[in-house]
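Here the structure comes first, spelled out in structure tokens, and everything after it is commentary.
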Amino acid sequence: MSYGNLETLYRQVIMDHYKNPRNKGLIGDETYYKVHLKNPTCGDDLTVQIKVVDNIITDVFHDGTGCSISMSAASVMSETIKGQKLEDAKKILKNYLQMVKGEAFDEELFMGDAIVYQGVANFPARFKCATIAWKALDKAIFIHDEEDNS
Ligand code: ZN
């Protein structure tokens, strides 16, 4: 497949997640770790909720408003991370951030549809849009870990 076709495929995956977001909508359950983040430069406003049972992220929900990159990335993140062990989720998260920064990343690691955001490395202005959901996930995991260790 030529790079041009790959770009088209990636754009289709992004638009599909934007139009048909997975795991969208928050639930009123206090056992979920919840993080709200904003990206003022673009107007993205996103809340992410995760549930952790026996060190597995059993549920990921998101809700908010923003551009197609940030909203689709939230859907992709939720689908990619749901069901992952915490330690694996952290590896995927780190790999994703390296990928969208244009740094070397582990191409063998499971990334799900998140792999389609590698083109963001060519558009640094969209970096915050592509990472807001993942940064919210990172903070939610951090809150979990802090509570777990106390
Ligand atoms: Zn944005």
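The values are calculated or read from the model by the stated rules, or taken from the named source; none is laboratory data. Here the structure is a predicted model, which is why all the values come from computation and not from measurement. Note: ideal-geometry Cβ built from the backbone for every residue, glycine included; neighbour counts use all protein chains shown. Accessible surface areas use protein heavy atoms only, side chains included; no ligands, DNA or RNA. Shrake-Rupley method; radii C 1.70, N 1.55, O 1.52, S 1.80 Å.
Here are a few things to note about the model shown:
For every residue, the table says whether it meets (1) in contact with a Pro (Cβ under 8 Å, 6 or more places away or on another chain); (2) outside any helix (DSSP H, G or I); (3) of a type in the set (A, V, I, L, M).
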site: Asp59; (1), (2), (3): no, yes, no
site: Ser72; (1), (2), (3): yes, no, no
site: Glu79; (1), (2), (3): no, no, no
site: Lys90; (1), (2), (3): no, no, no
site: Ala104; (1), (2), (3): no, yes, yes
site: Glu107; (1), (2), (3): no, yes, no
site: Phe142; (1), (2), (3): no, no, no
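- Every listed requirement among (1) outside any strand (DSSP E or B); (2) surrounded by fewer than 21 Cβ atoms within 10 Å (Cβ to Cβ); (3) of a type outside the set (Phe, Trp, Tyr); (4) touching an Asp or Glu at 6+ places or on another chain (Cβ under 9 Å) is met by Glu7 save one, (4).
- Flag for Lys94 being open to solvent by 10 Å² or more (accessible area, probe 1.4 Å) and under 10 Å from the mean Cα position of the chain (by Cα): no
- Scanning segment 63-79 for residues that are away from the ligand (no atom under 14 Å from the Cβ) and over 8 Å from the mean Cα position of the chain (by Cα) gives Asp63, Glu79.
- Meets criteria (within 27 Å of Glu146 (Cα to Cα), open to solvent by 20 Å² or more (accessible area, probe 1.4 Å) and either aromatic (Phe, Trp, Tyr) or in contact with a strand residue (DSSP E or B) (Cβ under 7 Å, 6 or more places away or on another chain) (or both)) for Thr65: no
- Criterion (within 16 Å of the ligand (Cβ to nearest atom), free of Cβ contacts under 8 Å to residues at least 12 places away in the same chain and open to solvent by 10 Å² or more (accessible area, probe 1.4 Å)) met by exactly one of Phe127, Phe142, Phe123: Phe123
- Filter result (assigned to a loop (DSSP other than H, G, I, E, B) and either under 20 Å from Ala114 (Cα atoms) or within 16 Å of the ligand (Cβ to nearest atom) (or both)) within segment 26-57: Pro40, Thr41, Cys42, Gly43
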